[in-house]
Amino acid sequence: MTDTTQPLAGIRVVEFSTMITASLATMMFAQQGADVIKVEPPGIGDPMRWLGSQKAGISGLFHNCNQAKRSITLDLKSPADVASARQLCLQADVVIHNYRPGVMDRLGLGSAALRDEKPELVYCAITGFGHEGPLANRPAYDHVMQAMAGFMTLQGHPSGFAYVKTLICDKVTAYTAAQAITAALFARERSGSGQHIDLSMLESCIAFLWPDGGMHLTLKGEDVAHGAPFADYYQLPLRSTDGAIAYAAMTDAHWDAVFDLVGRPDLKAEERYKGLANRSVHMAELASIIAGEKPNLTSAEMVAMLASNDVPAAACLSLEDLPTDQQALAMGIFEQCEHPLLGPVQHVTPPARFGGRKLAPCGPSPALGEHGEAILAELAARPQP
């Protein structure tokens, strides 16, 4: 019987990458049962190992993007190590990298060369800006991509610039890569052939942002009745005596409950705030009025009052609050375990449930080169492609 909590068991992935995009994508595969081999340079390995809080050459960020993988160090300036890397690739189902265009080709590890020998290989190349255009060979990092993909103007709406203070572009690209690779593996099951996947951070991020961020730019006719951009719905939270809450009022009944909560029942009579179409035009104005009020209530009291009228609402929690939040505890979102090098660690469990069950606990993040000898021994024991 197939173990539904290990849906990718038997799939081998070879990852050449630094930082987030490919690392996070392949960790999802590792959590779902794939054998993921992370190829790192000798010395410091993936620079992500040293960013932020770290111990024994493993940072919290590295751990959160590299659980359940095996690590091998290979010097890709050494012909012998390149030969080992090539052998690894030819024994894999998936190869993924996030190097600049042309780097893997010059090493003899490019998609065409490998898939010429192994047509069933799925090869994913992640770049910042693709292979065409004036920026094709430029390096790309999250905060630069936030600027170019429109995130900063959206966050600073209506007249400023602001970062989304998380590596959102890296993570969006990782999830896009994971979906694309999964689709290619599914196609291979039917056709027997692998394929090359090109994926840029810029395209991934604009595609992610556009459904709502670009909704007011989608319809181009002169007869279009334009409402407020969705950014107008994201105004300041509603302050409480002990913090703040967020709410998502959509219907007239929802808004009536909000007006009562903030002590502004007079707003119910305002025609411009009645109906979704009217509110859409005046949303920035309305949200600003509500944000200016401060009911003499705690966050819990405010959420309870809105919940009694079926208005979606929640207290604004800090990251430190999340592991002990009752809903997070009920869902088993966080897991604490002992890491062989780090000692006690806390991380988020994979969100998808397969067959109604959470994924089986996965292995720890690896030390640099921890599995090198075992991986090379496996290569030596297998027939040469």
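The values are calculated or read from the model by the stated rules, or taken from the named source; none is laboratory data. Just so it is clear, the structure is predicted and the values come from calculations on it, not from any experiment. Neighbour counts run over all protein chains shown; Cβ positions are idealised from the backbone, glycine included.
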Select, from V39, V13, the only residue that is farther than 17 Å from A367 by Cα and β-branched (V, I, T).
V13
What is the residue count in region 239-264 for residues that are among the acidic types (D, E) and not in a helix (DSSP H, G or I)?
1
Test for A249: is it loosely packed, with under 15 Cβ neighbours inside 10 Å and more than 30 Å from E335 (Cα to Cα)
no
Among the residues of region 102-117, is there at least one that is surrounded by 15 or more Cβ atoms within 10 Å (Cβ to Cβ), of a type in the set (D, E, K, R), in contact with a Cys (Cβ under 8 Å, 6 or more places away or on another chain) and touching a residue at least 60 places away in the same chain (Cβ under 8 Å)?
no
Just a yes or no: is a residue in region 52-61 in a helix (DSSP H, G or I) and not aliphatic (A, V, I, L, M)?
yes
Candidate set from region 66-88 (those that are in a helix (DSSP H, G or I) and free of Cβ contacts under 8 Å to residues at least 60 places away in the same chain); member that is farthest from A381 (Cα to Cα):
P79
Does P361 meet the test of being farther than 30 Å from L114 by Cβ, at pLDDT below 90, out of contact with any Gly (no Cβ under 6 Å at 6 or more places or on another chain) and not in a strand (DSSP E or B)?
yes
Tell me which helices (runs of 4 or more DSSP H) are completely within region 89-202 and hold 1 or more residues being closer than 18 Å to T18 by Cβ, or say none if there are none.
103-106, 142-148, 168-191
Near pairs, Cβ below 6 angstrom, 6+ apart or cross-chain, from region 135-160 (within 18 Å of G213 (Cα to Cα)) to any residue that is at pLDDT below 90 and in a helix (DSSP H, G or I)
L154/G213; L154/A231; H157/A231
I'd like to check something: does region 269-276 contain any residue that is outside any strand (DSSP E or B), of a type outside the set (F, W, Y) and buried (at least 16 other Cβ atoms within 10 Å of the Cβ)?
no
Within region 337-351, identify whether any single residue is within 30 Å of R239 (Cβ to Cβ) and either touching a Cys at 6+ places or on another chain (Cβ under 6 Å) or surrounded by fewer than 13 Cβ atoms within 10 Å (Cβ to Cβ) (or both), and answer yes or no.
yes
Within region 285-316, count every residue that is of a type in the set (A, V, I, L, M, F, W, C) and surrounded by fewer than 13 Cβ atoms within 10 Å (Cβ to Cβ).
1
Filter region 47-59 for residues that are under 23 Å from V13 (Cβ atoms) and touching a residue at least 40 places away in the same chain (Cβ under 8 Å); which is surrounded by the fewest Cβ atoms within 10 Å (Cβ to Cβ)?
G57
Take the conditions within 23 Å of E15 (Cα to Cα) and not hydroxyl-bearing (S, T, Y) and apply them to R382. Does it pass?
yes
Considering only residues that are aliphatic (A, V, I, L, M) and either under 15 Å from P364 (Cα atoms) or part of a loop (DSSP other than H, G, I, E, B) (or both), which ones fall in region 326-343?
I333, L341, L342
Looking at Q87 and the list (1) surrounded by fewer than 21 Cβ atoms within 10 Å (Cβ to Cβ); (2) of a type outside the set (D, E); (3) modelled with pLDDT of 95 or more; (4) under 20 Å from T182 (Cα atoms), which single condition is not satisfied?
(4)
Just checking, does region 366-385 include any residue being part of a loop (DSSP other than H, G, I, E, B), out of contact with any Asp or Glu (no Cβ under 9 Å at 6 or more places or on another chain), surrounded by fewer than 16 Cβ atoms within 10 Å (Cβ to Cβ) and at positive phi?
no
Under 7 Å between Cβ atoms, which residue pairs at least 6 apart in sequence (or on different chains) link something in region 281-297 that is touching a residue at least 60 places away in the same chain (Cβ under 8 Å) with a partner that is of a type in the set (D, E, K, R)?
A284/D232
Looking only at region 11-39, filter to residues that are among the hydroxyl-bearing types (S, T, Y) and assigned to a helix (DSSP H, G or I); which one of those is surrounded by the fewest Cβ atoms within 10 Å (Cβ to Cβ)?
S23
Quick one: which residue in F151, F186, F208 is under 21 Å from R115 (Cβ atoms) and hydrophobic (A, V, I, L, M, F, W, C)?
F186
